[in-house]
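Working notes, structure below.
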Amino acid sequence: MMRWVLGLALSLGPMLAGHVAAAHALLESAVPPVGGTVAKAPTDVMIVFSETVEPAFSSIVVTDAAGNRFDSGKAQTAAGDAKRLMIGVKPLQPGTYTVTWQATSTDTHRTQGHFSFTVAR
Ligand SMILES: [Cu+2]
């Protein structure tokens, strides 16, 4: 039994590692930029992923420091580029906002993360 488990771990390990690198949707960049400060309040937030994502099973939530939501509710991919997930946001006052995202890549694997950006005074 132990030998079987060890053998399974040894054969699955490299396969899973390779898959993570190849097919999960990971955040590559965002607008506003991750951790960045912008002079002008954005009217939407866009995340560029390493893989194409399914908008129906992906989301972006934008909250202020008090936890109030400012996103429009429904994330969409950019026309002709399913690696870009975007969402409209309500007018943003100066302050720091948190962007929490969940992505389901076309291969159905889910990833999630969060980052913040600041609208300058
Ligand atoms: Cu995957």
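The values are calculated or read from the model by the stated rules, or taken from the named source; none is laboratory data. Bear in mind the structure is a predicted one, so any value in this text is a computation, not a measurement. For neighbour counting, all protein chains shown are included, and Cβ atoms are generated from backbone atoms with ideal geometry for every residue, glycine included.
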**OP:** Among the residues of segment 23-66, count how many are small (Gly, Ala, Ser) and not in a loop (DSSP other than H, G, I, E, B).
**Re:** 5
**OP:** Look at residue 84 and say whether it is surrounded by 13 or more Cβ atoms within 10 Å (Cβ to Cβ), modelled with pLDDT of 95 or more, more than 16 Å from the ligand (Cβ to nearest atom) and among the basic types (Lys, Arg).
**Re:** yes
Original post:
How about segment 67-121: which of its residues are among the hydroxyl-bearing types (Ser, Thr, Tyr), free of Cβ contacts under 8 Å to residues at least 40 places away in the same chain and part of a strand (DSSP E or B)?
Top reply: 77, 96, 97, 98
**OP:** Quick one: which residue in 89, 53, 61, 38 is under 11 Å from the mean Cα position of the chain (by Cα), away from the ligand (no atom under 16 Å from the Cβ) and either closer than 30 Å to residue 121 by Cβ or surrounded by 17 or more Cβ atoms within 10 Å (Cβ to Cβ) (or both)?
**Re:** 61
Original post:
Could you give every pair whose Cβ atoms fall below 7 Å, whose first residue belongs to segment 35-47 and is more than 14 Å from residue 94 (Cβ to Cβ) and in contact (Cβ under 8 Å) with a residue 40 or more places away in the chain, and whose second residue is among the basic types (Lys, Arg) and not in a loop (DSSP other than H, G, I, E, B), counting only separations of at least 6 or pairs across chains?
Top reply: 46/84
Original post:
Which of the residues belonging to segment 102-121 are within 16 Å of the ligand (Cβ to nearest atom), out of contact with any Ser or Thr (no Cβ under 7 Å at 6 or more places or on another chain) and within 16 Å of residue 34 (Cα to Cα)?
Top reply: 112, 113
